[in-house]
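Would you mind keeping the following structure in view while I ask a few things?
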Amino acid sequence: MSEAITNSSGNVFIDLGYSADEAAILQMRAGLMTDLRKLIKAKKLTQAKAAEMLGISQSRVSDLVRGKWEKFSLEMLITLATRAGMSVTLKTAA
């Protein structure tokens, strides 16, 4: 039995069947969450210290580091990234 290999579109959410607009937002959310998690790890912050820096509760930091993307809007992730000192920009391509 052989498995079929399908080339990625470049956005895993499109590959999973989400519409293009929804997939774009999900990809941005996933990217910001990843960047925030990497920052917390690189600075060796406890969840309590990360919560203090981000201005959210420790339980929200726990959701963030566990990758519970459904609990964070794109707007909230941009806010958190800005509070963490990150520069957030939106890029478009044709």
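Where a number appears in this text, it was derived from the coordinates with a stated rule and is not lab data. Predicted, not measured: the structure shown is a model, and the values here were computed from it. Positions of Cβ are generated from backbone atoms using ideal geometry, with glycine treated the same way; all protein chains shown enter the neighbour counts.
Considering only the other residues whose Cβ falls under 11 Å of the Cβ of GLN47, what net charge follows from Lys and Arg at +1 and Asp and Glu at -1?
Charge balance near GLN47 sits at +1.
So which trypsin sites (Lys or Arg not before Pro) in region 16-50 are both in a DSSP loop and have at most 10 other Cβ atoms within 10 Å of their Cβ?
The qualifying sites are LYS44.
Add -39500 (n - 2.57) for each DSSP H run of 4 or more in the chain, then divide by its residues: what number comes out at 222 nm, to the nearest 500 deg cm²/dmol?
Mean residue ellipticity, 222 nm, calculated: -17000 deg cm²/dmol.
Still on this structure, please answer the following. Of the GluC sites (Glu not before Pro) in the chain, which ones lie in a loop per DSSP and count no more than 10 other C-beta atoms within 10 Å?
Taking the chain and a limit of 10 other Cβ atoms within 10 Å, the loop GluC sites (Glu not before Pro) found are GLU3.
Here's a follow-up. Quote the convex hull volume per residue of the chain, based on C-alpha atoms, as a whole number of Å³.
Taking only Cα atoms, the chain has a hull volume of 139 Å³ per residue.
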